[in-house]
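The values are calculated or read from the model by the stated rules, or taken from the named source; none is laboratory data. Keep in mind that what you see is a predicted model, and the values were worked out from it rather than measured. Quick reminder, even Gly has a Cβ in these numbers, built from the backbone with ideal geometry, and neighbours come from all protein chains shown. With ligands, DNA and RNA removed, areas are computed over all heavy atoms of the protein, side chains included. Shrake-Rupley method; radii C 1.70, N 1.55, O 1.52, S 1.80 Å.
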Amino acid sequence: MSEHPTVVVGYPVAELLDIACLTTTFDYANRAGATPPYQVRVVSPAARPIVCQSGLTMRPQGSLERLLGPVDTLVVVGGEGHEAAADDGALVAHVRRLARVSRRVASVCTGASVLAAAGLLDGRRATTHWLFADELAARYPAVDVDPAPLYIRSGGVTTAAGVTSALDLALAFVEEDHGGELARLVARGLVTYLQRPGNQAQMSPYVTAPPPDNELVRRVVATIGGALDGDLRVGALAARAGVSERHLTRLFLAHLGQTPARYVRLTRVEAAARLLVTSRLSQERIAARCGFSSAETLRQAFTARYGVSPSHYRATQSATRSATHDWAGTGAQTAPVAASTTAPTPSGRSSATQNSDSERTTTAFRR
């Protein structure tokens, strides 16, 4: 970590949350005692106000063109204006110029388009918002696009997935720069995880696809969901549906975008994820109930899908669920991240200096 500025590059129709996740995380790190502190500057072409895609307007702190190096961290945000930004030769040239004098370079969401246009992702593995991954891969074939992880580090360039993954990226940078304890304090203040692993899947296990239009596929899907511990091999499913394995596979690809075998595997993993959080069943029993031959088989499938082990998922998600319940039921806001010291408040003072003994355990941050 150096005393050089951390630069966030915005442009017309950028995503406000991309910017806020970055700037707020670094601000909280400063309040928690980051030394040297982050010198964050939001810049835009010609220092023009950034009209975000939400309609709100942000006033930048400088001009992209006038910014000189060296730069500590250069981050390009995403937003609906990313295509126009990537097609703006001047903007791309300045990002390329600043990348040469930056300690590390990153993008959030569709900001990867700008890095790709600058040639900074050629030959690298990179990610972006899952919804735009195919578009990025088609437009920039020299980039190895992986839509699954929350963020990917490739050399000195890091690309993050959609929107709030900017929070994971910023926390990872804080931990890298100032250590895990300070990063935990920041995460606690932000009431978030420290931190979702970079290789954790972007898609939540609870965001399921709508029912397929095809009646036969709907019936098979219902069969799968109602008998996860049964024989769900493609042959057995096809026999129940009265069609050939080949025809069933063709229907699943057409209506669900995946083979029956993959659909079964993901459905079982998602069911296991729900049970890990909502029940006290052992992993062995969860594995059996969801159709896995053993807890180890479940662990392998779960880690491959979500990037964390079932044990880690249960520990973090159960803690968050409990904290949300306490907050909703009693008014007490329990931070989901365990920390041995007091979290900083937005005023820069610790909660211990602001709150009475009875309040300290329920209020880490006040606004």
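General remarks:
- C-alpha center-to-center spacing [region 1-73, region 263-304] in angstrom: 42 Å
- D_trans [Stokes-Einstein, Kirkwood Rh over alpha-carbon pairs] for region 262-313, 20 °C, 1.002 mPa s, µm² s⁻¹: 205 µm²/s
- Spin-label model distance (nm) - residue 277 vs residue 65, 7 Å beyond Cα toward Cβ: 4.8 nm
- Once Rg and the Kirkwood radius are both taken over the C-alpha atoms of region 216-322, their ratio Rg/Rh works out to 1.03.
- Accessible-area ranking of 44, 154, 54, largest first, probe 1.4 Å: 54, 154, 44
- Inter-site label distance for residue 93 and residue 122 at 7 Å from Cα along Cβ, in nm: 1.7 nm
- Backbone HN-Hα couplings from phi across region 74-80 [Karplus 6.51/-1.76/1.60, Hz, Gly and Pro as x]: 10, 10, 9, 8, x, x, 5
- More than 17 angstrom apart: percent of Cα pairs within region 1-138: 56 percent
- Database remark: amide H of residue 129 closer than 5 angstrom to the amide H of 109, 110, 162 (H placed geometrically; neighbours at sequence offset of 5 or more, or on other chains; Pro and chain starts carry no H).
- In this structure, the amide hydrogen of residue 102, modeled 1.01 Å from its nitrogen in the peptide plane, lies closer than 5 angstrom to those of 71, counting only residues at least 5 positions away or on a different chain.
- Shape metrics for region 80-125, restricted to C-alpha atoms - Rg then Dmax, Å: 9.9, 28
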